[in-house]
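Notes follow the structure.
Just so it is clear, none of the values below were taken in a lab; they were calculated from the coordinates. These numbers were taken from a predicted model, which means no experiment stands behind them. With ideal geometry, Cβ positions are generated from the backbone for all residues, glycine too; neighbour counts draw on all protein chains shown.
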Amino acid sequence: MLIDGHDDDPLVPGEALLALPGFWAAHLLWLCETEDGDDPAPEWFGVDAADADAAYGALTDVERWPVFRIPLGGGHSAVVVGRNVPEDEGTEYVVSHPA
């Protein structure tokens, strides 16, 4: 998979990860953190911690950066890249043109 600006990065299709039982918990738990100390739990998403941990490991693998493509109108796509650089992890969003 080639994306401008990620020529040497280990990008892999990520769509298969969506089928992991703990995917959404692993992807969204950080959004559930509160200031009052109530730590979010995978059970909030209907999964156990082991499933969430396995999905988190797949999402943050430094040797396999998952890429998710979301089709948009006019042949464009939104591309979500899990940037798994140690000490500088993040998510990048790119809109690609069909040409």
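Would you mind pulling out the separation of the Cα centroids of region 59-99 and region 2-18, in Å?
Centre-to-centre distance over Cα atoms comes out at 7 Å.
Given a Förster distance of 35 Å, report the FRET efficiency between residue 99 and residue 38 from their Cβ-Cβ distance, rounded to the nearest 0.05. Walk me through the numbers on the way to the answer.
On the way: r = 48 Å, r/R0 = 1.37.
Efficiency computed from Cβ-Cβ geometry: 0.15.
Helix 49-59 sits at what angle to the longest principal axis of the chain, using alpha carbons and giving 0 to 90 degrees rounded to 10?
The two axes meet at around 20 degrees.
Whose amide H sits under 5 Å from the amide H of residue 22, counting only residues 5 or more places off or on another chain, with H placed in the peptide plane?
Placed amide hydrogens put 55 under 5 Å from residue 22.
Under 5 Å between amide H atoms, partner at least 5 residues away or on a different chain: which partners does residue 12 have, H built in plane at 1.01 Å?
The list, which skips near neighbours in sequence, is 65, 67.
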